[in-house]
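**Student:** Got a structure for you, questions after.
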Amino acid sequence: MAAKRKIEVFTAGCSLCDDTLRVVKDAVSSCGCEVIERRCPPKQMCKEGKAYGVRAMPTVVVDGVITFEGRVTREQAALLTR
């Protein structure tokens, strides 16, 4: 059995970030992936974001690798289940 993926969504609490978080959660709801929101203060980068090299919000990190920066479409989010 494959290991469960860890998906981190870095957000700043804006509507674009909230939409991205929702799209990602909806897309992976059936795969058993763990989705964690990492909310960073506005105009600052949180400790975890700095460690990954996050430059923009929202950013999606899968198992420690930046996968998407900016708005994520439903089609892109569906790729997270593969």
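**Student:** What are the pairs, 6+ residues apart or on separate chains, where a residue within the stretch 44-60 that is free of Cβ contacts under 8 Å to residues at least 12 places away in the same chain has its Cβ under 7 Å from a residue that is surrounded by 16 or more Cβ atoms within 10 Å (Cβ to Cβ) and not charged (D, E, K, R)?
**Tutor:** MET45/VAL54
**Student:** Related question: Could you run through the stretch 1-57 and say how many residues are surrounded by fewer than 18 Cβ atoms within 10 Å (Cβ to Cβ), assigned to a helix (DSSP H, G or I) and of a type in the set (Ser, Thr, Tyr)?
**Tutor:** Qualifying residue count, the stretch 1-57: 2.
**Student:** Further question: Are there any pairs, at least 6 apart or on different chains, whose C-beta atoms fall under 6 Å, with the first in the stretch 7-21 and under 15 Å from THR67 (Cβ atoms) and the second of a type in the set (Gly, Ala, Ser), and if so, which?
**Tutor:** Matching pairs, first to second residue: PHE10/GLY49.
Each reported figure results from applying straightforward, stated rules to the coordinates on display, with no laboratory input. In this text the structure is predicted, and so the values were computed from the model without any measurement. Backbone-built Cβ (ideal geometry, glycine too); neighbour counts: all protein chains shown.
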